[in-house]
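Novice: Below you will find the structure I want to go over with you.
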2 protein chains.
Amino acid sequence: MQQAQTMLVATIASPREEVPDDSLILSEAEITKLTLSILRHHGLAQEQATALTELIVAAERGECPSHGVYRLAGLVRTMKSGKVKLDARPSVSVDDTAIVRVDADSGFSPLAFNLGRPRLAEKARKHGIAAMAINRCVHFTALWPEVEALCADGLVSMAMTPSHSWVAPAGGVKPLFGTNPFAFGWPRPSGNPYVFDFATSMVARGEIELHRQRNEPLPDGWAIDRNGKPTNDAAAAMSGALLTFGGHKGSALSTMIELIAGPLIGDLTSAQSQHFDDGAGAAPFHGELVIALCPNVFLKDAKDRYFESAEGLLNNIVAQGARLPSQRRFEARVRTGLNGISVSRPQYEILKSLTL
Amino acid sequence: MQQAQTMLVATIASPREEVPDDSLILSEAEITKLTLSILRHHGLAQEQATALTELIVAAERGECPSHGVYRLAGLVRTMKSGKVKLDARPSVSVDDTAIVRVDADSGFSPLAFNLGRPRLAEKARKHGIAAMAINRCVHFTALWPEVEALCADGLVSMAMTPSHSWVAPAGGVKPLFGTNPFAFGWPRPSGNPYVFDFATSMVARGEIELHRQRNEPLPDGWAIDRNGKPTNDAAAAMSGALLTFGGHKGSALSTMIELIAGPLIGDLTSAQSQHFDDGAGAAPFHGELVIALCPNVFLKDAKDRYFESAEGLLNNIVAQGARLPSQRRFEARVRTGLNGISVSRPQYEILKSLTL
């Protein structure tokens, strides 16, 4: 292990420049090497580690810190908990329906998604609409890389998953739902796709943790404490519950995600995932539902005409001064491609400690 | 026409009781007869009128005034505008994909849905997941009756549709999206299904109209005026724009609905529907997307076990004092079944005038 650690420190010790707020600037290749080293150091199989690393690097490239290297500490905790199979080999099964099933074999989700993706695309192109149910997977990543990948396959898609029960239903007082993200992707004829990915909680759980780490108060409406009362304290929120976005509407969407990315695909709800965790503090263990729709089957010869019409809609959003949800991330990619990826000094210290 | 009018007045003139706030109480049969008379009086074909009436009566039974007889004035305006074909004959087409296409023939949507529904159920049971694209239909109804019907078929479903461009994107200043409702249904082993149906705008357009009629100010955050500034004035909101629920997340969902229930199915966006209307003030003319998922295909022998687990989730929502989204409507049905349906005196006068 000494060897891996030395290599890692050597990698981190050569930042291209030091920025004013005491952050380090690393290249994409350096972040990749660093992430892979940490994951391999803790025993994750090569194929699993590679798939995970791609997503962490994608988050860093897009300046999405809550899904970047920040997650590595939690990943290592999950790996140490014994709640994830480090050498899991996902298996994909199909029949003559439009459903693709991937058994993640109790491993992390990214490799399972990667293996199922070509079969999902195949099914969507044949039937017009298809679903992929990923079961028994440990989740920690954002969903936008998945719908973005399906955009690259020319498909429209939705992806959703429960998590751990950290969120109270609207009108409720106790955690029951996960942060239950919902992502959507629409391929655009040229350039970047239209992609969004949001937690149906007011914010992602990671945001609360970042506020706690920074000792910052939470905005109103984000959370309740363990007695069901509104709170601005991040620690109180962690032992209480997050609230859903958009009141009863967000709560309804969150319920839908529990149902169709849980019981419908033969997998756990967020509360059941929490129960399975049994205090280990590991990443959620459950399923994911991806629905893909094939524009060529829906539209045939009329595809170009209607995709032009969709462009009109998206351009009209931007024309009135509003932003597209993925715009910031696409801009960040150009920026980090030119300038490198910024990692704060405390984060860097945490990463160093993960190789010990 | 004199005969129809006399019959109608006779129907309305026999309310079972007069309630304190000067409302009339009518039975379900009376509301049915009254609605059918008005629609037929204005030349709507029998089959079309019957399908529409069922939905208006369902809304009244569930005490959902914004989709009940209140809508008849707008329906009559739409019928008089020439923007809807009164004797439209929807046609259903299927191929070997999992997509059902219904051409509504420029008629109202309910008959088109009713005719496509059995084919959608068939496709979902065969492929596990299926989609129904309803094209060229005039929309004015709620979507919950549709997902509720699919629950009765044992299917999980989502339904969504654009409308007219009345809603500004988050960060924008001008109307672009429709109120773009999203509905979801989950069949429960016993009793009423889990169903929600919400506008992705802060409220349905009908709510703004009701506020204007009652001269009530709008709550903060519902709307902007024609200059893109926040307003509490219902009339200013009507010439400005509604806002989406849940900020940028609701705005993203609304965009998704524009895309997949518009261009993806070869139909209009809300802005295009508005343009087609050309100031006639008719109901939106566009498409609808329904996605159905078959639990028997997804779960096979494990269905009962996982539906039991879903019951656990839904019961845990209620157990902590929160309400299920459709609960109020189901309770209202019991109430209106016992006590009859209340229609306000001004609404009753409007209904009478619609037979002239």
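Novice: Check B:Gln347 against each of (1) in a helix (DSSP H, G or I); (2) under 25 Å from B:Trp166 (Cα atoms); (3) within 14 Å of chain A (Cβ to nearest Cβ) and name the one condition it does not meet.
Specialist: (3)
Novice: Mind listing whichever residues of segment A:125-140 are within 19 Å of A:Val92 (Cβ to Cβ) and either of a type in the set (Gly, Ala, Ser) or away from every other protein chain (no Cβ under 14 Å) (or both)?
Specialist: A:Ala130, A:Ala131, A:Ala133, A:Cys137, A:Val138, A:His139
Novice: Just to be sure before I move on: is B:Pro193 within 13 Å of another protein chain (Cβ to nearest Cβ), open to solvent by 10 Å² or more (accessible area, probe 1.4 Å) and touching a helix residue (DSSP H, G or I) at 6+ places or on another chain (Cβ under 6 Å) in the structure I sent?
Specialist: Yes.
Novice: Given (1) surrounded by fewer than 24 Cβ atoms within 10 Å (Cβ to Cβ); (2) more than 20 Å from A:Gly250 (Cα to Cα), where does B:Leu176 come up short, assuming only one miss?
Specialist: The number of the failed condition is (1).
Novice: Can you go through B:Glu122, B:Glu146 and tell me which one is away from chain A (no Cβ under 11 Å), among the charged types (D, E, K, R) and open to solvent by less than 10 Å² (accessible area, probe 1.4 Å)?
Specialist: B:Glu146
Novice: Something else: Residues being under 17 Å from the mean Cα position of the chain (by Cα) and buried (at least 24 other Cβ atoms within 10 Å of the Cβ): count how many of those fall in segment B:149-159. Before you say what the answer is, go through the steps one by one.
Specialist: Step one: filter segment B:149-159 for residues under 17 Å from the mean Cα position of the chain (by Cα), giving B:149-151, B:157-159.
Add one more test, that the residue is buried (at least 24 other Cβ atoms within 10 Å of the Cβ), and what stays is B:150, B:157, B:159.
Result for segment B:149-159: 3.
Novice: Can you tell me how many residues within segment B:125-138 are in a helix (DSSP H, G or I) and open to solvent by 10 Å² or more (accessible area, probe 1.4 Å)?
Specialist: Kept after step one, since they are in a helix (DSSP H, G or I), are these residues of segment B:125-138: B:125-127.
Subset that is open to solvent by 10 Å² or more (accessible area, probe 1.4 Å): B:125-126.
The number of residues fulfilling the criteria is 2.
Novice: Can you name every residue in segment B:146-161 that is β-branched (Val, Ile, Thr) and part of a helix (DSSP H, G or I)? Before the answer, list the steps.
Specialist: Applying the first criterion (β-branched (Val, Ile, Thr)) to segment B:146-161 yields B:147, B:156, B:161.
Of everything in segment B:146-161, just one residue is β-branched (Val, Ile, Thr) and part of a helix (DSSP H, G or I), namely B:Val147.
Novice: Output the residues belonging to segment A:49-90 that are over 18 Å from A:Phe276 (Cα atoms), in contact (Cβ under 8 Å) with a residue 60 or more places away in the chain, surrounded by 19 or more Cβ atoms within 10 Å (Cβ to Cβ) and hydroxyl-bearing (Ser, Thr, Tyr).
Specialist: A:Tyr70
Novice: Now a separate question. Given B:Ala237, B:Ala252, which one is away from chain A (no Cβ under 13 Å), surrounded by 24 or more Cβ atoms within 10 Å (Cβ to Cβ) and of a type in the set (A, V, I, L, M, F, W, C)?
Specialist: Exactly one residue qualifies, and that residue is B:Ala237.
Novice: Here's another thing I want to ask about it. When you check B:Ala204 against the structure, is it touching a strand residue (DSSP E or B) at 6+ places or on another chain (Cβ under 9 Å), closer than 23 Å to B:Arg329 by Cβ, within 14 Å of another protein chain (Cβ to nearest Cβ) and open to solvent by 20 Å² or more (accessible area, probe 1.4 Å), yes or no?
Specialist: Yes.
Novice: Among the numbered criteria (1) within 14 Å of another protein chain (Cβ to nearest Cβ); (2) free of Cβ contacts under 8 Å to residues at least 40 places away in the same chain, which one does A:Gly171 miss?
Specialist: For A:Gly171, the exception is condition (2).
Novice: Quick check on segment A:40-91: of everything there that is acidic (Asp, Glu) and outside any helix (DSSP H, G or I), which residue is modelled with the highest pLDDT?
Specialist: A:Asp87
Novice: While we're looking at this one, here's another question. Quick one: count up the residues across segment B:99-124 that are without any contact (Cβ under 8 Å) to a residue 24 or more places away in the chain and assigned to a loop (DSSP other than H, G, I, E, B).
Specialist: Residues flagged as without any contact (Cβ under 8 Å) to a residue 24 or more places away in the chain and assigned to a loop (DSSP other than H, G, I, E, B) within segment B:99-124 amount to 0.
Novice: Still on this model: For B:Gln347, which of the numbered conditions (1) open to solvent by 20 Å² or more (accessible area, probe 1.4 Å); (2) under 30 Å from B:Lys123 (Cα atoms) fails to hold?
Specialist: (2)
Novice: Still on this structure, I have one more. Filter the helices (runs of 4 or more DSSP H) completely within segment A:261-331 down to those with at least 3 residues that are more than 10 Å from every other protein chain (Cβ to nearest Cβ) and surrounded by fewer than 24 Cβ atoms within 10 Å (Cβ to Cβ).
Specialist: In segment A:261-331, A:270-277 are the helices (runs of 4 or more DSSP H) which contain 3 or more residues that are more than 10 Å from every other protein chain (Cβ to nearest Cβ) and surrounded by fewer than 24 Cβ atoms within 10 Å (Cβ to Cβ).
The values are calculated or read from the model by the stated rules, or taken from the named source; none is laboratory data. The model shown is predicted, which means the values in this text are computed figures rather than measured ones. So basically every Cβ, Gly included, is an ideal-geometry build from the backbone, and we count neighbours across all protein chains shown. Calculation scope for accessible area: heavy atoms of the full protein, side chains included, ligands and nucleic acids excluded. Shrake-Rupley method; radii C 1.70, N 1.55, O 1.52, S 1.80 Å.
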